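Visitor: Got a structure for you, written out below as structure tokens; questions coming shortly.
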Amino acid sequence: MRSGWRWCVIAGLAAAAAAACQRQPRSGLTFSGSALGPEAAVVQRQLTRFSEQHDGVPVELLVTPDAADQRHQLYVQRLNARSAAPDVLQLDVVWTAEFAGAGWLLPIGGRLPDPADFVAAARTAATWRGTLYAAPWFVDLGLLYYRTDLIDAAPASLDALAAAARTAQQSGATRSGLVWQGARYEGLTTVFLEHLGAFGGRILDDRGAVAVDEPAAVAALTFMRDAVAGGGFVPPSVLAWQEEQVRFAFQNGDAAFMRNWPYAFPRLQDSQQSSIAGRIAVAPFPPAAGGRPAAALGGAQLAVNAWSEHPELAMALVAFLTAPAQMLERAQLAGQLPARRAVYDDPRLAGALPVPAVDIRRILDDAIVRPVTPVYSELSEILQVQVHRALSGQTAPEAALRQAAADMRTLLARAGLQGPPAP
Ligand code: GLC
């Protein structure tokens, strides 16, 4: 609003202008979220529409770092300092419990139309101690992308994936078999979680006890390590890659398979930037024997800063951005999956999805939610360090996970969140 208010002052004393100025709210909102490529375009368009529907109140888009861990750090600094901006925050699904537990978010449930329609797993991630603190905005699912000109059908098991990836690499069709996010950051936790689920393992069990040193977890990490180790089908360079580097490698034709989120789909199908447009398909990440298809649930939620000076307006913005019409448009323009179930029944969604809506709903129903705990970021960091050490050959998988489990148990005990003692 700052600029609008200035305009009112300049407009002077003309009666009509004065009346218009009185209707103007005294200041605007700040919104923080991803603003890269198509995401910037869709968010800007929707913020403008919100503003038009609310007496022209300005909503400023604050651009924040795209890497999950860096954005987390920035938010923690701001909220800890009780900053009133941003009024509305885009949170990764794994941050809500931490921020709600710290008293940094306003409860949101009662203000949102039809909260029961949100995808259950995303609602779980947005809830802390029985109260909804954020509105699911879009959901992310870890997906397996593959080249239809090289691979006949989606692999049904991890062994089949490994065999097909090796064949593509050895035949020289692609430089690498499979690429995934292996840098030491949150994305690595999600990739590990998908392998863990594929082998039937978990980070914490149902009672909240650390389970990351169990045999299924060791088998999952050993599979990943062997895939990267000398002569494997995953290039060691992935150990420094996040989502975009992985996408670039795949769209340049360097790999037969890629693990990534849905946002990559429309970009890979765009022949202006992708050399493999029209030659890709998408499937769930396959299970190992005894495991289950496991996609990590990711995505973003919108929450209202507890120090906001405009909580009502901020709530209205969250309700607007998470309404079905905006979710549909976001899926169409940026390829991000709606967090409301009802939107999947809308035939206009079909063309925007990497796989049919019924399959997405099935993958969503099986999706693995990362632990909902206020100490999630620390837990994940412990895991990232040890998983990365194992992948780069510095520690054996079993020893790495033993250390991770010990550090996690210490952390949970210190935070008073300890589950039952280790077996
Ligand atoms: C995506 C997901 C998010 C995840 C992050 C990891 O942004 O939506 O949930 O934590 O990737 O890099």
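The values are calculated or read from the model by the stated rules, or taken from the named source; none is laboratory data. Predicted, not measured: the structure shown is a model, and the values here were computed from it. With ideal geometry, Cβ positions are generated from the backbone for all residues, glycine too; neighbour counts draw on all protein chains shown. Protein only, heavy atoms only, side chains kept; ligands, DNA and RNA dropped before computing areas. Shrake-Rupley method; radii C 1.70, N 1.55, O 1.52, S 1.80 Å.
Visitor: Which one of these is more than 16 Å from the ligand (Cβ to nearest atom) and closer than 21 Å to residue 359 by Cβ: 286, 235, 311, 262?
Guide: Selected residue: 286, the only one of 286, 235, 311, 262 that is more than 16 Å from the ligand (Cβ to nearest atom) and closer than 21 Å to residue 359 by Cβ.
Visitor: Picking from 167, 124, 174, which residue would you name as being among the hydroxyl-bearing types (Ser, Thr, Tyr) and assigned by TED's automatic domain parsing to the domain that holds residue 334?
Guide: 124
Visitor: Right, next: Could you check the stretch 177-208 and list, in sequence order, the residues that are open to solvent by less than 10 Å² (accessible area, probe 1.4 Å) and away from the ligand (no atom under 16 Å from the Cβ)?
Guide: Within the stretch 177-208, 177, 178, 198 qualify.
Visitor: Please verify whether residue 337 is closer than 19 Å to residue 133 by Cα and not hydroxyl-bearing (Ser, Thr, Tyr), treating the condition exactly as stated.
Guide: Criteria not met by residue 337.
Visitor: Additional query: Quick check on the stretch 336-351. Is at least one of its residues in contact with a Lys or Arg (Cβ under 8 Å, 6 or more places away or on another chain) and away from the ligand (no atom under 16 Å from the Cβ)?
Guide: Within the stretch 336-351, one or more residues are in contact with a Lys or Arg (Cβ under 8 Å, 6 or more places away or on another chain) and away from the ligand (no atom under 16 Å from the Cβ).
Visitor: In the stretch 84-101, which residue that is crowded, with 21+ Cβ neighbours inside 10 Å and in a helix (DSSP H, G or I) is nearest to the chain's Cα centre (by Cα)?
Guide: 96
Visitor: From the set of residues in the stretch 58-83 that are out of contact with any strand residue (DSSP E or B) (no Cβ under 7 Å at 6 or more places or on another chain) and either assigned to a loop (DSSP other than H, G, I, E, B) or not assigned by TED's automatic domain parsing to the domain that holds residue 135 (or both), which is surrounded by the fewest Cβ atoms within 10 Å (Cβ to Cβ)?
Guide: Within the stretch 58-83, the match that is surrounded by the fewest Cβ atoms within 10 Å (Cβ to Cβ) is 81.
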